[in-house]
1. Across the range 64-80, in residue order, what do the Karplus-derived ³J(HN,Hα) couplings come to in whole Hz, using 6.51 cos²θ - 1.76 cosθ + 1.60 with θ = phi - 60° and x for Gly and Pro?
2. Note down the relative contact order for the range 19-80 as a percent, whole number, built from C-alpha pairs under 8 angstrom at least six residues apart.
3. Which residue fluctuates the most in the chain, going by a Gaussian network model with Cα springs under 10 Å, if the choices are 66, 27, 46?
4. I'm spelling it out carefully: the read-out is semi-axes √(5λ) of the Cα gyration tensor in Å, the candidates are [x] 35, 13, 8; [y] 47, 9, 9; [z] 33, 9, 8, and one was derived from this structure. Which label?
Amino acid sequence: MHTPSKRSHQINAMFWRVVVGCLGLYPTLLLVLSVLAPLTRDLSFPLMVLVEVLVLVPVTQLISFPLAGWLVARLRRINS
């Protein structure tokens, strides 16, 4: 039986990290930017980006990425 090399294991791990990132970031970005749009509409572009980043980073790091990681891990267990 073929055992995966260390390099293929690294590529597989990177792929799943990207999947978790996409699943965690896209919906969060869409939701947060939609909610903040009325509040940031009249701000200058740099200030608008600052406000959005101050909200997005904690939400993605503390909520979205852990949930997406849990979801992907659960789906991978079901398929195994």
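Read the figures in this text as sums done on the coordinates, not as results from a lab. Predicted model only: the values in this text are computed from it and were never measured.
1. The phi angles translate into 5, 5, x, 5, 5, x, 4, 5, 5, 4, 5, 5, 5, 5, 5, 6, 7 Hz.
2. 54 percent
3. Its mean-square fluctuation being the largest, the pick is 46.
4. This structure yields the entry labelled [x].
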